[in-house]
Every structure is written in C-alpha cells, then in structure tokens.
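Below is one structure, written out as structure tokens; comments come after it.
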Amino acid sequence: MAEWNAYYRNEDEEVEQEEGDEGAVDYKNTGRDSLVFLVDASKEMFIKGEDGEPSNFDMTMECVRSVYMSKIISSDRDLVALVFYGTEKCKNPRDSFKHVYIYHDLDSPGARRVHDIDNLRGEKGAQLAADVMGSGETSLGDALWCCSNLYSDIKLRLSHKRLMIFTCRDSPHSDDSNRDRTARTKASDLRETGVIIDLMHLKKPGGFDVGQFFCDIVSPPEDESELGLHLEPSGKLEDLQKRVRAKDMKKRAQSRLTFSLGDGMKVAVGVYVLARTATKPPSVLLYRDTNEAVRTKTRLFHTNTGSLLLPSDTKRAQVYGQKQIVMEKDEVDEMKKFDDPGLVLIGFKPMSKLKVHHHIRPAVFIYPEEEQVSGSSCVFAALLRRCSERNLFAVCRYIPRRNTPPRFVALVPQREELDQGQAQITPPGFHAIFLPYADDIRTLDVPECPTATSDQTDKMKEIVHKLRFKYRCDAFENPMLQKHFRNLEALALDLMQPEDIEDFTMPKVEMMDERLGPLVQEFKDLVYPADYNPEGKPAAKRKTADAGGGAEKKPKVEVSQEELRAHAEKGTLGKLTVPVLKEACKVFGVRTTGTKKQELIDALTACITK
C-alpha cells in the first residue's frame, strides 16, 4: 500500500506540472489570493464632480466591478470582500463594530455579487446606499479590526493578502488623536500578519495630504520595482483602475535560479514572464446528473490479462534501427539531465550581432532576488549598467528546471524608465532572448521574383509614410477572447444579449483613404497594366483533350547551345525555367529520369563541362 500511495498521492499535481510546464510558476507560498475593498461611505464620497463627472463613490464601484469581472474570468478561486466604513448602520458578526458594513464577505466572486455592485452604481445606486447603509461617524480602527476578523475566519490557506482603502478624506477622524492612534495600531497588527495595505486616495477640493494621517497606515513598498505610495490622487476612472491593477497584479517569478558569472561568483535572479498569449480557460468536465466536477485518473492495465499494473511493472522503450531499446525510468532521467538549473555566463557580444530572426519564442525577464543571496542587486545593477553603456548583450546557457535541455539566451539590457509622475514605466533588468541552435535554422529556396523599378519603390515609400502610426500593443484587444468572455458574462448575469465589442483589429478604411488620396491609383498605374481589373473574373481554365475541348499546344521553347554553354560557365543555369532546361537536355542529348530543376541542372552541367 505504501508504494501505491507514493505513486498516486500527487498525481494531479504532476499532471498540472506537465500541462503547464511552459508557464510554470515558483510560488513562495501555495494558496489562494485575497483582496478586501475598504470603501469610505461618508457624504463627501457621493458629491459629484465638475462638468457632470461621476462622484468618487461611482468611480470606486466601477473599479470594484471591473476587478470582480477580471477575477471571475482569470482567477475565480481568489477571495474578494467589500466593506464600507463611516456608515450610519452596521452589518458585521454580532454587530461588534458600529459604523462598519460588510457588504460582501471574503469569498469567491460570482454573478450575484456583480449584480449587487451594479445596484450601487449611478444615482439610483447612491440612493440605495443611503437607504441601506447611510453615512455616519468614522472609525477606521474598527474597520481595520473588522477586516482582520474576515481574514482570521477563513480556514483556507492564503498566499497573498491585500487590503485597499478608497477614500477622499485625508483626515477621517477630524484630528481625533485617540481614533488616530487606534487606527495606526490596528494597521500595524494587520501588517504583522502579512496583510498589505494600499491607499487608493481620490480627488478632493484643496488636495489630498497623504502625510497627514495615511502615511502611517499603508504598507511600505514590497520591493524596488513597487510603485509605492502615489502622492497624486486619482481624479479619473482610468487612473484609478490602472493603480488598482498595478497593485493587484501578482508579481511572481516563474523560477528562481543562480546566475554564475565565473570564478565562483554567483547571484540569485528571478525569471518573470512579461507577455504571454492569452487563451480561453479550459472547459471543466461535469457529471451529467448532478453537474458536479469530475476528476480524471489514468490507470494502466495488462493487454492480455487485464490486471492493474504497478509503476514498477512498466518500463520505457523506443524503436531505433528496427530494434526496441528498453530503458529504466532512472536511465531516462539520467539521459535528460545535462546540469543543474541556472544561468551560466558564456561571454558578451555587440548588439549589432543580435538579429531579428534569432527570436524564436517569447522572451523572459531576468531580475535580481536580493532575498535569496545578499548583494545580488548590487552586482546585477553593475552588470546591467555596463552592458547598457557599452551596447552589449550577454550570451548565457539557460536551464530553467531539472531534466530540461539547455538553451542559449541573449541577455539584452533594459534600463529603468519613469514617467512625469515618477511612476515606473519599464523595470530595470535583462530580457532573455532565446537563441536558435544550428538545427533550428532552415535554408529556404527562395524563388526569384521580378524587381520593382525606382519609380514604383518611391511611390510605395510615400504610401508607407502616409500610413505610419504609433503602435501600442495594449491598445488592441483580442476580439475572439472578448467575444467569448462577453457571452460568458451574459449567461452568468442573465443578460438578454451580450455586450457589443469593438474589433480594433479591423482597418480604418475611410481614414486610410483620406490620408492616401490619389497615391493608391498612381501606384496601380505604375505597377499594373492598363486593362488590369482586380475585381474581374479570372480567365477560364483550358479544357483538356479528354474533356473534348482539345488541349492548347504550348509553343516550342528554342534555346541555342552557345547560350547554354555561357550559362553553364557562369553558373547561372538556375535562372532558366524547367521547360527551357528540359529542351536543353534534348539539344545536348542528355538522358535523365529526374524532373526536378536541380536534377536537370546537374545533368546539363556534367554534360557541358566534361
């Protein structure tokens, strides 16, 4: 029994690792992620902005709804809660905390919760909030204590705990020192239990002073790449959603490795995936009668006896040279192992040596891990600075995991960039570009095509110049995925029809025609013949002799021996067509059974040059 348990104990985990090997992530702690929205429900939050702009409460509800929807689509196992403070009425366990209203407990998001958030949006939502919760006194300490109880009541293992405070008041207690002290104490207790507290402060008349109170409440930056505390309040929904996404986004390493620089010097680095193809979530198998999820297990049986086989009863084999080569599992593992996982520095090359066709798969991002090896950030920053200054890239051998083949990668440096608000746009680190092996490079027989004239080339340059635009990958959403998720959203929320999507991949024909003007017609006049009609019907195919139409006789190809000898001496027989080469074989009396162009060329060359 011990052997069976050892084999089937982590069966599902092994299957998941094999299926997601490409995007495997090394988590510091396994478990679910949790997020608590702590929203101020004071009267100031419901004041509408200038020129009909939505109130801070409306922006907050829009932001909460977008997070709920993204959680449902991408990570429905995460836990989310919504708590209001500064309310007139209270709703919490045993109503222990006055002026604190738990609207949603810490649980997985669902369609019902999205409906509840929709009811709080707009003018009707503000009226509903006033009727259900109202606005009263504020005690942020009680609200934080209530959120602490939400976390403690969860029996599941949580790997990531975050609390976001939405408010437009920089002094919620009106300089009440006792309540300020209580709030700071509870915030410190939450941080000690691993809860990350973030402030999403909103715009208010006269400006929001973070240093007055909330600088002692929020958590310090998690690392150097963390945006930290924003000093400027959010006045628009887009800015607020961007800040929430930046905080809620999980910054997890795909793997953590040692980077060997030579002479025994090693630093710790993390491998991150900055871009990955978004796909539809996999379908879940359900039992027909109860709609409960079913699990798939694989068992091996003997072909003749039908008996169940143990892992020790099976071996691996591969046919080579019509002979079956049988190997043990240990032998297979030994064949797969080249070296321990890690990065090993090979050398440096100028950036001009790195070509576009060397990029054979999505790159990964390399960033130092100071927690693993002290001093890694300092050495890594020095290497990054020197490579950037000298315009070099580092060539390394990369083994991401055990029993995986090594790859050569080019570490391309990237310096940190900040925007006007001192927010990080691009992080500092190396992009690891996977380089091809010699076996990966193909030699293509590119057919010769007619070359364009200088007038045609210049006209096309004008067209290209007119149609140039600044490309941003985040401005284009995948229409297939958007349509899929809109349909799922309509089914989950019981909508009459899914929300319409805008396909940003469709070309803007009217704008393109306006920019180009007469250039398109001028280019057509230069390239195509006068009677060319791209929308016309293609010419009818000739009927064969068997069909009764009689095949059209091809004109005989004439070629002189002098021309063929000149081509053979210059090595330009490849410029001739196959019919010409076949006729040349007849002229020189060359007998060949081959019909391919290279075979005809070889036969002619051997006959002419002998």
Positive-end residue, region 70-186 charge dipole about Cα centroid, Cβ charges, pick of Asn178, Asn119, His104: His104
Lys pairs under 19 Å by Cα in region 287-405, provided they are eight or more residues apart or on distinct chains: 5
Working out 0.36 nm times the residue gap between Asp105 and Lys315, then minus their Cα-Cα distance, what length gain in nm do you get to one decimal? 70.4 nm
Could you sort 399-406, 474-481, 601-608, 299-306 so that the peptide with the highest average Cβ count within 10 Å comes first and the rest follow in order? 601-608, 399-406, 474-481, 299-306
Short to long, in 10 Å steps from zero, the percent of alpha-carbon pairs of region 83-154 per bin is 20, 47, 31, 2
With a 1.4 Å probe and all protein chains kept in place, how much accessible area does Lys323 have, in Å² rounded to the nearest 10? 130
If I model a spin label as a point 7 Å beyond the Cα along the Cα-Cβ vector, how far apart are those points for Ser159 and Thr453 in nm? 6.5
Rounded to the nearest 0.05, FRET efficiency between Ala530 and Lys586 (Cβ-Cβ, R0 45 Å) equals 0.70
With a cut-off of 8 Å between alpha carbons and a minimum separation of six or more residues, what is the relative contact order of region 255-299 in percent? 22
Considering only protein heavy atoms, what is the solvent-accessible area of Phe57 at a probe of 1.4 Å, reported in Å² to the nearest 10? 0
Alpha-carbon centroid distance for the pair region 27-93 / region 95-170, whole angstrom: 7
FRET efficiency estimate (nearest 0.05) - Cβ-Cβ, Asp494 to Arg515, R0 51 angstrom: 0.70
Assuming R0 = 22 Å, what is the FRET efficiency of Asn291 and His484, from their Cβ-Cβ distance, to the nearest 0.05? 0.55
With contacts defined as alpha carbon pairs under 8 Å and 6 or more residues apart, what's the relative contact order of region 54-144 in percent? 34
If the label point sits 7 Å along Cα→Cβ of Ile360, residues of region 387-408 with amide N under 20 Å come out as 393-408
Once fully extended, how much extra length lies between Lys98 and Gln127, figured as 0.36 nm per residue of separation less the alpha-carbon to alpha-carbon distance? 8.3 nm
If ligands, DNA and RNA are left out, what is the accessible area of Phe588 with a 1.4 Å probe, given in Å² to the nearest 10? 40
I'd like the distance between the alpha-carbon centres of region 275-342 and region 364-402, rounded to an integer number of Å. 36
Ignoring ligands, DNA and RNA, how do Ile501, Ile425 rank by accessible area with a 1.4 Å probe, largest first? Ile425, Ile501
Between Ile463 and Asp503, what is the label-to-label distance in nm when each label sits 7 Å out along the Cα-to-Cβ direction? 2.3
In nm, spacing of pseudo-spin labels at Asp175 and Glu563 (7 Å Cα→C-beta vector): 10.2
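The values are calculated or read from the model by the stated rules, or taken from the named source; none is laboratory data. Here the structure is a predicted model, which is why all the values come from computation and not from measurement. Note that each Cβ is placed from the backbone with ideal geometry, even for glycine, and that neighbours are counted across all protein chains shown. Note: accessible area is taken over every heavy atom of the protein model, side chains too, but ligands, DNA and RNA are not part of it. Shrake-Rupley method; radii C 1.70, N 1.55, O 1.52, S 1.80 Å.
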